[in-house]
Structure formats: structure tokens, C-alpha cells
1. Condition check: crowded, with 18+ Cβ neighbours inside 10 Å and in contact with a Lys or Arg (Cβ under 6 Å, 6 or more places away or on another chain). Does residue 89 satisfy that?
2. Tally the residues that are under 17 Å from the mean Cα position of the chain (by Cα) and either among the polar types (S, T, N, Q) or closer than 14 Å to residue 142 by Cβ (or both), restricting the search to region 76-126.
3. With respect to residue 117, is the statement that it is crowded, with 17+ Cβ neighbours inside 10 Å, under 17 Å from residue 170 (Cα atoms), of a type in the set (D, E, K, R) and out of contact with any helix residue (DSSP H, G or I) (no Cβ under 6 Å at 6 or more places or on another chain) true?
4. Take residues that are touching a residue at least 60 places away in the same chain (Cβ under 8 Å) and among the hydrophobic types (A, V, I, L, M, F, W, C) and tell me which of the strands (runs of 3 or more DSSP E) falling wholly in region 50-168 contain 1 or more.
5. Could you list, in sequence order, all residues of region 125-155 that are in contact with a Phe, Trp or Tyr (Cβ under 7 Å, 6 or more places away or on another chain) and either of a type outside the set (Ser, Thr, Tyr) or within 24 Å of residue 58 (Cβ to Cβ) (or both)?
Amino acid sequence: MTKSRTITILATLAVALSPAWGQEQQKKKQPASPPATTSISVDGKEISIKYGAPSRRDRKMFGADGRISKDPNYPVWRIGANSATLLHTEADLEINGLKVPKGDYTLFAKVDGPVWDLIVSKETGQWGLAYKEANDLGRVKMTMSKPAATIETYKMTLSSGGGKRAKLQLEFEDVIATVDIVVK
């Protein structure tokens, strides 16, 4: 092998193994709606939610002609992407008046009106589009507001409400939906 060919091969390897190239390859492997988690400890008990975080990518998401209206369970939305959104709680909860015993649940929302309903389902482990109303533990109204600017990537946040209280907030496109949680 000639010296110039050896240098060319080494230069090619250096570029291929560089951090920038590696980062670019990582971006290509990430799903369009990456997994996300939000959690909080209230009164020493953990509450966590695992969901897929879709991005708008210049699509209209809500409304009769929005992307979510094309889901087979519309007006029920899986409040995320990919696998169903999972709620895990180490404590009994009261979500806006709905009693939720400690354990695992799937979360959905009814999104076709000016006020959304948060749906807590007893079924877990299903794909996000596998919704069955018969498995509902219950539904509660959410408080609706508008963000100052359009939200590109969907986000769920559990935050402290002080004492034994917490708040769940969903943010996407031009919608913010919240619901109060009390740890029992």
C-alpha cells in the first residue's frame, strides 16, 4: 500500500469516527416521537408518566382536519405517540375528584371540544391506538388555556402544587390542558 493511500484511508476513518459524524448517526436512529418521562415525588410517593413526544413538523394537530382527528379512536387521543401513555403511582390519588388507587394505568384524552376530558384506563401494556371505553376507570374535565407561542414538541409535566398536591400539564400546538392531583 502506498503512503498516500494510507493517509487517505486514515483521513477517511478520522472523519467517520469523529464526534460530529457519530452525533449525526444518533439523530438518524432516534424515533420521530422519542420516549419521554415526567415524574414527581409527593409526600414521599412517586408518580410517573411515560409517553411518546411527537412534534408538529408543520402539521395541524387538533381540530376536525388535524392530524389527531385521523387516529382511529378520535375524538379519544392517546396523549402521546407510539405505545400508550403509562401512569404509575405509588399512592392512591384523586385526580380532579376521580379516585385512582395506587398502581398502573393508561392515560387518554377526549379532545374534540373546548374542554378536554382526561381518561384514566385500567388497561395497560397496549399499543397507543388500542383504546376500549369499557376499561375506563373514569374521566375528568381538564382546565384549558393557550400558550404564548405555538408549541412544536408535545410535553407532559408533573409539578408540585404544594403539600400533597400536584398538577399534570399537557402542552402541544396551541393548547395547554391541566388537571389537579391530590395524593391520599
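The values are calculated or read from the model by the stated rules, or taken from the named source; none is laboratory data. Fair warning: this is a prediction, and the values are worked out from it, not measured in the lab. Please note: Cβ atoms are built from the backbone with ideal geometry, for glycine as well, and neighbour counts cover all protein chains shown.
1. Working: crowded, with 18+ Cβ neighbours inside 10 Å: yes; in contact with a Lys or Arg (Cβ under 6 Å, 6 or more places away or on another chain): yes.
Criteria met by residue 89.
2. Here is the first cut: in region 76-126, the residues under 17 Å from the mean Cα position of the chain (by Cα) are 76-89, 104-111, 116-121, 124-126.
Narrowing further to those that are either among the polar types (S, T, N, Q) or closer than 14 Å to residue 142 by Cβ (or both): 76-77, 79, 82-83, 85, 89, 106-111, 116-121, 124, 126.
Selection size over region 76-126: 21.
3. On the way: crowded, with 17+ Cβ neighbours inside 10 Å: yes; under 17 Å from residue 170 (Cα atoms): yes; of a type in the set (D, E, K, R): yes; out of contact with any helix residue (DSSP H, G or I) (no Cβ under 6 Å at 6 or more places or on another chain): yes.
Yes.
4. Numbers: elements: 85-89, 93-95, 98-100, 103-110, 117-121, 136-141, 143-145, 151-162.
So the answer is 93-95, 103-110, 117-121, 151-162.
5. Filtering region 125-155 down to residues in contact with a Phe, Trp or Tyr (Cβ under 7 Å, 6 or more places away or on another chain) leaves 131, 137, 142, 144, 151, 154.
Residues satisfying the conditions are 137, 142, 144, 151, 154.
Matching residues to (1) exposed (fewer than 14 other Cβ atoms within 10 Å of the Cβ); (2) among the hydrophobic types (A, V, I, L, M, F, W, C); (3) at pLDDT 95 or above:
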site: 101; (1), (2), (3): yes, no, yes
site: 104; (1), (2), (3): yes, no, yes
site: 112; (1), (2), (3): no, no, no
site: 122; (1), (2), (3): no, no, yes
site: 133; (1), (2), (3): yes, no, yes
site: 142; (1), (2), (3): no, yes, yes
site: 147; (1), (2), (3): yes, no, yes
